[in-house]
Amino acid sequence: MSSASSTTSGAAKPASSTRAKPANKWEAAADWTDGRLGIYSLARANLRKIFPDHWSFMLGEICLYTFIIIILTGVYLTLFFKPSMGEVIYDGSYVPLKGIPMSEAYASTVDISFEVRGGLLVRQIHHWAALVFVAAMLVHMLRVFFTGAFRKPREINWVFGFLLLVLGMFDGFFGYSLPDDLLSGTGIRFMEGAILAAPLIGTYVQMFLFGGEFPGHEIVPRFFTIHVLLIPGIMVGLLVAHLILVFYHKHTQWAGPGKTEKNVVGMPLMPVYMAKAGGFFFLVFGLIAVISAIATINPIWAYGPYRPDQVSTDAQPDWYMGFSEGLVRIMPGWEISMWGHTLNMGVIVPLMIVFPLVLVSIALYPFIEGWITGDKREHHILDRPRNAPVRTALGAAWISLYLILLVAGGNDLFATHLHLSLNAVTYFVRVGMFVVPVIVFIITKRWCLGLQRRDKEKVLHGRETGVIKRLPHGEFIEVHAQLPQKDLHTLTAHEQIQPFELAAETDENGVARKAGVLTRTRAKLSRGFYGEGSQIPKPTSEEHHEISSGHGHH
């Protein structure tokens, strides 16, 4: 009787592999690497991932590509920049500055601009890419906001994106302060005054950042470390986490035939999407290079080195920090004196109360809306902005507030260029800060409701054809054509969310129920978001059948 297993005499033979023998040394190297890192199985699982195709999704790509451009150009500039405030006498090729004392930081930046091959162009690309990065981040977050792409399960990714935006803004401020020119020095002095206004901790923070009394000798070296090491390191970590969550949660998509909350309709990452993304990267890089070659930004040689006894004219921050300065400019210079100390309310209120409040409200908005709606489901289909009128109106009101504060941040320029009184501009902005967002909210909400009514009319009556028909009794009518099924699906795919309602005041035994303040507040906000007057009911199948049967449809 033979056994199921057989033995062989002599030495045991090695186990044989089922994988075919590599055809060449490159395949052998790939097999060796895959056997230790598992790259093949990881790539096979992710490179065929589907991405939807829509132009608005490219806004996030612009953020990624400009960040890469900033890193590449920043590395190049770091090779030549000297982050030192040691004083030197300029003796370079730019004649108007010859013999003028300046810091090594300023002198090295002038040398980058005029001595280093390609230095000025790289400086321009670096600065322009930073501006486009923050702009793309802001527009990308607005797209996510208006379409509801921040809802479950993407609330954490919204917070990551928000942190990237805020860190990008502050890193831009530190970066434009590094050349130590008269313009950036004025901005640093503004920031120092704001820090010193903070009660209790202001002087400690100022000494930590500046290393002594302004201007000191440590500003540029410390800002350099923060600008090139600390903030970029945090941003890279957040960016990686952001992209991992995008892959994990799968991409959002617009409503359409065949698209559900459980699938993604689009193109695979490899090779289609990667080819398009690669081309788009070079398009973004090329466009920023063209802008940088044509439009000079931050010509520090025209401002001169920073001196504490001088202030550059038309001193303005970059646009993304302008609204914070606007808050300070329109705030009355109130002061409160108590116990031998003075509280500068003209700085504390705008920069330490209003500014953080705006940022926190933006960061927490997904959680606030989720609490109001009580919606715990996952959402992968995007909202059309018109179908969420209150959310869209809130976003439009925020944009109007931002623009008003941007005007406030440049009130002197508006006054001089438009020949207006500086006080008139300031008072207009003070009133507009409270009035304009309310007006914009009302107009935007009514606009969205009007678009919803038009969509409902299209679904029920079809589209206008321009063909005029005369009926037997003499009446002239315009013939309407039924919309294609694809358009009907798009116009009716949105949900009709019911507002949260309070429970009955008494239970079945007649005992009074007590609703807490938070519960009543949630009910009121929910009615404001989704109650009558905040959304137009979708056409019912009975209405559609009645119209299509000839009762009122031509």
Note to self: Among (1) in a helix (DSSP H, G or I); (2) free of Cβ contacts under 8 Å to residues at least 24 places away in the same chain, there is one condition Met321 misses while meeting the rest; what is its number?
What the structure shows: (2)
Margin query: Which residue is nearest to Ala315 (Cα to Cα), if the candidates are limited to region 144-184 and must be in contact with a Ser or Thr (Cβ under 9 Å, 6 or more places away or on another chain) and polar (S, T, N, Q)?
Written below: Ser184
Item checked: Condition check for Ser324: at negative phi and either basic (Lys, Arg) or open to solvent by 40 Å² or more (accessible area, probe 1.4 Å) (or both) -> no
Next item on the list: State all residues of region 37-89 that are closer than 19 Å to Gln253 by Cβ and assigned to a strand (DSSP E or B); if no residue qualifies, say none.
Entry: Ile50, Phe51
Next item on the list: May I ask you to say which residue of Ala393, Ala397, Ala424 is among the small types (Gly, Ala, Ser), within 19 Å of Glu325 (Cα to Cα) and open to solvent by less than 90 Å² (accessible area, probe 1.4 Å)?
Entry: Ala424
Notebook entry, point to check: Does Ala194 satisfy the condition of being assigned to a loop (DSSP other than H, G, I, E, B) and under 19 Å from Leu359 (Cβ atoms)?
Noted result: no
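When you scan region 299-313, do you find a residue that is within 23 Å of the chain's Cα centre (by Cα), modelled with pLDDT of 90 or more and β-branched (Val, Ile, Thr), even just one? It would help to see each step written out before you state the result.
We begin by selecting, within region 299-313, every residue within 23 Å of the chain's Cα centre (by Cα); these are none.
The answer is no; no qualifying residue exists.
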Margin query: Suppose the filter is surrounded by 10 or more Cβ atoms within 10 Å (Cβ to Cβ) and of a type in the set (Lys, Arg); does Arg453 pass it?
Written below: yes
Checklist line | Test set (1) of a type in the set (Val, Ile, Thr); (2) open to solvent by 80 Å² or more (accessible area, probe 1.4 Å); (3) in contact with a Pro (Cβ under 6 Å, 6 or more places away or on another chain) - Thr296 fails condition number | finding: (3)
Next item on the list: Considering only residues that are under 25 Å from Val358 (Cβ atoms) and more than 27 Å from the chain's Cα centre (by Cα), look in region 403-421 and name the one that is most open to solvent (accessible area, probe 1.4 Å).
Entry: Phe414
Notebook entry, point to check: Does region 332-340 contain any residue that is assigned to a loop (DSSP other than H, G, I, E, B) and open to solvent by less than 40 Å² (accessible area, probe 1.4 Å)?
Noted result: yes
Margin query: Looking at region 34-50, I want the residues that are modelled with pLDDT of 75 or more and have a partner that is open to solvent by less than 100 Å² (accessible area, probe 1.4 Å) and in a helix (DSSP H, G or I) with Cβ atoms under 6 Å, at least 6 apart or on another chain. Which pairs are those?
Written below: Lys49/Leu269
Checklist line | Selection count, region 46-97, where residues are open to solvent by 30 Å² or more (accessible area, probe 1.4 Å), touching a Gly at 6+ places or on another chain (Cβ under 8 Å) and within 30 Å of Asn263 (Cβ to Cβ) | finding: 2
Item checked: Some residue of region 468-489 being open to solvent by 50 Å² or more (accessible area, probe 1.4 Å), more than 25 Å from Val390 (Cα to Cα) and in a helix (DSSP H, G or I) -> yes
Item checked: Looking only at region 203-248, and only at residues there that are surrounded by 14 or more Cβ atoms within 10 Å (Cβ to Cβ) and charged (D, E, K, R), the one that is nearest to Met141 (Cα to Cα) -> Arg222
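A quick yes/no check of all residues on (1) under 26 Å from the mean Cα position of the chain (by Cα); (2) farther than 30 Å from Gly432 by Cβ:
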position	(1), (2)
Leu245	yes, yes
Val265	yes, yes
Val284	yes, yes
Ala293	no, yes
Phe323	yes, no
Notebook entry, point to check: Assuming Thr186 fulfils every condition listed in (1) over 21 Å from Tyr303 (Cβ atoms); (2) open to solvent by 20 Å² or more (accessible area, probe 1.4 Å); (3) assigned to a helix (DSSP H, G or I) apart from one, which condition is it?
Noted result: (1)
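The values are calculated or read from the model by the stated rules, or taken from the named source; none is laboratory data. Keep in mind that this is a model prediction, so the values were computed, not measured. Please note: Cβ atoms are built from the backbone with ideal geometry, for glycine as well, and neighbour counts cover all protein chains shown. Protein only, heavy atoms only, side chains kept; ligands, DNA and RNA dropped before computing areas. Shrake-Rupley method; radii C 1.70, N 1.55, O 1.52, S 1.80 Å.
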